[in-house]
1. Report for the chain the percent antiparallel among DSSP-assigned beta bridges with both residues inside it, nearest 5.
2. Between 103, 73, 44, find the one with the highest GNM mean-square fluctuation for the chain; connect C-alpha pairs within less than 10 Å.
3. Pull out a ≥ b ≥ c, the square roots of the eigenvalues of the alpha-carbon gyration tensor of the range 72-173, then state rounded if a/c is under 1.5, prolate if not and a/b is larger than b/c, and oblate in the remaining case.
4. Choose one answer from 92, 33, 83: the residue with the largest mean-square fluctuation in a GNM of the chain with alpha-carbon springs under 10 Å.
5. First obtain the Kirkwood hydrodynamic radius of the range 159-253 from its Cα pairs, then insert it into the Stokes-Einstein equation at 10 °C and 1.306 mPa s, and state the resulting D in µm² per second as a whole number.
6. Given only helices, namely DSSP H runs of n ≥ 4 each adding -39500 (n - 2.57), what is the per-residue ellipticity at 222 nm of the chain, to the nearest 500 deg cm²/dmol?
7. Of the residues 71, 57, 85, which exhibits the maximal mean-square fluctuation in a Gaussian network model of the chain defined by a 10 Å Cα contact cut-off?
8. I need the shape label for the range 11-93. Rule: rounded when a/c is under 1.5, else prolate if a/b > b/c, else oblate, with a, b, c from the alpha carbon gyration tensor.
């Protein structure tokens, strides 16, 4: 089983679009995929649309469409308040323990490792795409951050980051924190990357590459949440290189 863990420098930096694009592109190339997001929050917030375009659904619903899964299987923990999962759980009177999150992660791993339907299926070749919530050091549960979950899953890391002003500092700090915990940072992905990037955006990409000693790729802007659009922008990503050799994924500690 292969897999990638998608984190970000902050909230709202494009993790869900990157994850969905990966899932859609993988499926379009005949790969069997499993999507997992430990918790989704903000479900009480109104769904936003851009200039009359199709509304972007909540993260777990977007990932579910891209992975052909049920939304509740993508994200087992779902909350209304638009805050961290840890605080959202406290606000609804259900403090979130570390073990509950790890149990959900184990189920996602089991789903990715289980035999596929059909005689011609390859039972060992699912790809697990995990999307974190918020930034790498965001609180996830009691005594647990997103980084702790990534370390437990031992998946290679992708870092979604904004292309504009301020991103160099945020991104390099995230890369440094990830590596300090022993995480394998496969790439930084700047998103959404404009068709005609500014001098600042090009400079940011070069600076992150040079100062972070890291591969920096870009994700084009999607024209809405349609599956075909996700396949299009995901197909531009070097996901085969990111996946590399099959990762040794074990049960969360």
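Please treat every number below as a calculation from the coordinates, not as lab data. Not measured: the values here are computed from a predicted model. All Cβ positions, glycine included, derive from the backbone under ideal geometry; neighbour counts span all protein chains shown.
1. The antiparallel fraction comes to roughly 5 percent.
2. In this elastic network of the chain, the residue with the biggest mean-square fluctuation among 103, 73, 44 is 44.
3. Cα axes put the range 72-173 in the oblate bin.
4. In this elastic network of the chain, the residue with the biggest mean-square fluctuation among 92, 33, 83 is 92.
5. Here the translational diffusion coefficient equals 109 µm²/s.
6. -11500 deg cm²/dmol
7. It is 57.
8. oblate
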